[in-house]
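Written below as structure tokens is the structure these notes are about.
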2 protein chains.
Amino acid sequence: MNVVLLSGGVGGARFARGVQAALAPGELTVIGNVGDDVKVLGLHVSPDLDSVLYALAGLNDEERGWGRAGETWNALASASAWGGEDWFRLGDLDLGLHLVRTQGLAAGRALSEVTADLAAAAGLATRIVPATDDRLRTRVVTPAGTFGFQEWFVGRGHRDEVDAVRFEGARLAEPAPAAVAALEQADAILIAPSNPYVSIQPILAVAELRAAIAGRRVRCVAVSPLIGGRAVKGPADRMLSRMAGGTLPRHVAGCYGGLIDALAIDDADATADAGVETVVTSTRMHDLDASRRLAEVALEAAA
Amino acid sequence: MNVVLLSGGVGGARFARGVQAALAPGELTVIGNVGDDVKVLGLHVSPDLDSVLYALAGLNDEERGWGRAGETWNALASASAWGGEDWFRLGDLDLGLHLVRTQGLAAGRALSEVTADLAAAAGLATRIVPATDDRLRTRVVTPAGTFGFQEWFVGRGHRDEVDAVRFEGARLAEPAPAAVAALEQADAILIAPSNPYVSIQPILAVAELRAAIAGRRVRCVAVSPLIGGRAVKGPADRMLSRMAGGTLPRHVAGCYGGLIDALAIDDADATADAGVETVVTSTRMHDLDASRRLAEVALEAAA
């Protein structure tokens, strides 16, 4: 069985770990968001790909919710003391990966090749594939101006309301070859409980990927990132309120019009009015077991 | 009083600290070797400039003899686990500096500008100036082949005997403007107890710097790196034996023919046959006081 999961960062990574646990080794391909990739201290940082990698490899910090367990922060403190930028928190262990990735890209390798090497180095059977090897960057339009994603999310603490989201470079972005191949061979497609606007839409902004999902011959099931109309973390609920007009399942489903066959929602959000088939379950992923159970429900709905 | 010191890495840095302590703030300019600069994990590392910077700022690890005190090694361990190179030991605190330097260079700034910023960030009144902003790299010719300096020194543990040393790029290298200016305004010139072949010669390989010293109107005093004919650390004695025919003061002085007015040597090496005026003193720099005393002797000889 081949399963493709579209995933953003932390919430998606948590779900990805559940899907990986629910499947046999090698059955899962995660297509990851690169819209929030950012250059920090000259290094190419791919926060969402790394969240997935760290979670799948069991290297993530469960308590902090992002980055690596056992992390230290000495290089960043040093860089800051020497006059370097320090607005984006990069731990020492994390930096090791960014150095290797940046060196690979500088040598002319594609992001998807470098990412495949990293997954292999972690011993993963799951494939992690960036949506595109090209430069695609999420930009956030707010009343205070238009910002790069990380500038808004980290730099400004995502305090500005969002009027629109744009994907710079999307029109010219080719999908990563492995992403297309995975969708062609998929027996089921899942969309992680990630922020629809800034985690999943940047993947769907690659026209060929959207077309492959729109023209799918297998089922596609999304998991809502909201519980009781609230985001577990981050600004998804505020963005849905402002841009979709609400935080009900139909507002989430509306983000995926024509692309999903069912939406998995939390018991707290049960409704007959989602505009799409719903699967009602507990979507709270407080541990790996809970993530796996949620994955099993989503996989069953996608079967 | 304006003093210029030509310096290599660890031994030179230790002496530089003594000279800085012996002078009033702002009187010292250190012209540093860049021949052993190296790209590691995509970062521009300038080991000798950094040794001087760390020593002058009191950030150096006295016990280990190189790098920073309180150093940790997590980023390198991580990079290694992800498949990155790990032959060159970069600590986390050290990495912070290399990230800032590399980003500055990538933005088009000259190495001397970036270095001046780093010294300013450390609050130094002493100026640290690379011999050149251009690419000048030391290559070591050995019976086993010709190697880049760090490849030989670190990668091969400088086990190969050295037949000759070459300075790639030296013919086209312009001196850093601040190095020329400092030599023009110098009231005294010192050469640190560094390895003549791979620490000082790469500075003198920049034709305009050599010419400025050869045509000096002030005294120039070198301090021998040997004590009792032995290097305190590193391969200077083996290199002198093989390439100069011995490790006596005259062999050291021979490396600086026409460029020095006196050679400071250790009591253990006292001789009437140095081929140049000698100053006999204790040259062992076991602490800052000893370094300052040695600096005072050298400065007096240069007065």
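Among (1) within 10 Å of chain B (Cβ to nearest Cβ); (2) in contact with a strand residue (DSSP E or B) (Cβ under 8 Å, 6 or more places away or on another chain), there is one condition A:VAL4 misses while meeting the rest; what is its number?
The one condition A:VAL4 does not meet is (1).
Restricting segment A:267-303 to residues that are outside any helix (DSSP H, G or I) and among the polar types (S, T, N, Q), which is farthest from the chain's Cα centre (by Cα)?
Applying the filter and picking the extreme gives A:THR271.
I'd like to check something: does segment B:98-111 contain any residue that is part of a loop (DSSP other than H, G, I, E, B), at pLDDT 95 or above and buried (at least 23 other Cβ atoms within 10 Å of the Cβ)?
No, segment B:98-111 has no match at all.
Quick one: which of A:LEU226, A:LEU240, A:LEU204 is within 22 Å of A:PRO47 (Cβ to Cβ) and touching an Asp or Glu at 6+ places or on another chain (Cβ under 7 Å)?
Every option except A:LEU226 fails the conditions.
Take B:GLY91 and tell me if it is crowded, with 22+ Cβ neighbours inside 10 Å, in contact with a Lys or Arg (Cβ under 8 Å, 6 or more places away or on another chain), within 11 Å of chain A (Cβ to nearest Cβ) and closer than 30 Å to B:GLN20 by Cα.
Yes; evaluated as a whole, the condition is true for this residue.
Collect the residues in segment A:19-28 that are under 17 Å from A:ALA222 (Cβ atoms) and touching a strand residue (DSSP E or B) at 6+ places or on another chain (Cβ under 7 Å), keeping them in residue-number order.
A:VAL19, A:LEU28
Tally time: how many residues in segment B:214-232 are small (Gly, Ala, Ser) and crowded, with 23+ Cβ neighbours inside 10 Å?
2
Return a yes/no flag: does segment A:153-170 have any residue that is in contact with an Asp or Glu (Cβ under 9 Å, 6 or more places away or on another chain) and either at the interface with another protein chain (Cβ under 9 Å from one of its Cβ atoms) or in a loop (DSSP other than H, G, I, E, B) (or both).
yes
Give the number of residues within segment B:58-86 that are over 18 Å from B:GLY9 (Cβ atoms), hydrophobic (A, V, I, L, M, F, W, C) and either part of a helix (DSSP H, G or I) or more than 7 Å from every other protein chain (Cβ to nearest Cβ) (or both).
6
Residue-by-condition table, conditions (1) touching a strand residue (DSSP E or B) at 6+ places or on another chain (Cβ under 7 Å); (2) not in a helix (DSSP H, G or I):
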position: A:ALA186; (1), (2): yes, yes
position: A:LEU190; (1), (2): yes, yes
position: A:PRO202; (1), (2): yes, no
position: A:ARG210; (1), (2): no, no
position: A:ALA222; (1), (2): yes, yes
position: A:GLY234; (1), (2): no, yes
position: A:ARG242; (1), (2): no, no
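Write out, first by first residue and then by second, each pair whose Cβ atoms fall under 6 Å of each other, whose residues are 6+ apart or on separate chains, and whose first residue, in segment A:168-193, is at positive phi while the second is part of a loop (DSSP other than H, G, I, E, B) and surrounded by fewer than 17 Cβ atoms within 10 Å (Cβ to Cβ).
Listed by first residue and then by second, the contacts come to A:GLY169/A:ARG135.
Is at least one residue of segment A:63-84 among the β-branched types (Val, Ile, Thr) and touching a His at 6+ places or on another chain (Cβ under 8 Å)?
Looking through segment A:63-84, none of the residues is among the β-branched types (Val, Ile, Thr) and touching a His at 6+ places or on another chain (Cβ under 8 Å).
The values are calculated or read from the model by the stated rules, or taken from the named source; none is laboratory data. Since the model is a prediction, treat every value here as computed from it, not as a measurement. Here Cβ is always computed from backbone atoms with ideal geometry, including for glycine, and neighbour counts include all displayed protein chains.
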